[in-house]
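The values are calculated or read from the model by the stated rules, or taken from the named source; none is laboratory data. Keep in mind that this is a model prediction, so the values were computed, not measured. Backbone-built Cβ (ideal geometry, glycine too); neighbour counts: all protein chains shown. Ligands, DNA and RNA are stripped out before the accessible areas are found, and what is left, the full protein with its side chains, is counted by its heavy atoms. Shrake-Rupley method; radii C 1.70, N 1.55, O 1.52, S 1.80 Å.
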Amino acid sequence: MSDSSYLVPASDAAATPAALTPEQERLAKFARDEVQAFLGSPVGDIPEAAETATTALEDAVDAHVPVADLSAALNASPEAVQAIIDHDIDLQDLHPENNVD
């Protein structure tokens with residue numbers, strides 16, 4: 001799937017995030033902020049912003065932040081977040097500028 005609708009809220013997303021350490025909370029917030037920055041980035045900055053956001057998501061998962069917590073922070077489905085982390089979806093393809101009709 002290569003449109004930004006992949007990053008839409010999921011009705012079955014975890015309603016209650018797990019208890020996170022302060023470092024995990026920081027990494028989850030940073031990942032959320034980087035994904036938001038990516039979504040608002042201008043066309044010329046898409047590749048770098050996508051790489052930064054993907055790395056932030058990977059760093060959070062490496063620190064044992066559950067994907068459910070990341071998806072809740074991003075208001076996205078856990079499947080979408082996992083697909084980005086697994087590189088099954090190139091985050092660049094989800095940028096709104098890449099999906100203009």
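In table form, for the structure just shown:
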read-out: 13 Å beta-carbon shell around Lys29, net charge (K/R +1, D/E -1); value: -4
read-out: Packing rank of 86-92, 48-54, where each peptide gets the mean count of other beta carbons within 10 Å, highest leading; value: 48-54, 86-92
read-out: Heavy atoms of Glu23: accessible area, 1.4 Å probe, square angstrom to 10; value: 90 Å²
read-out: Net charge over other residues, Cβ less than 14 angstrom from the Cβ of Val43 (K, R count +1; D, E count -1); value: -4
read-out: Pair Asp62, Asp86: separation of 7 Å Cα→Cβ label points (nm); value: 2.0 nm
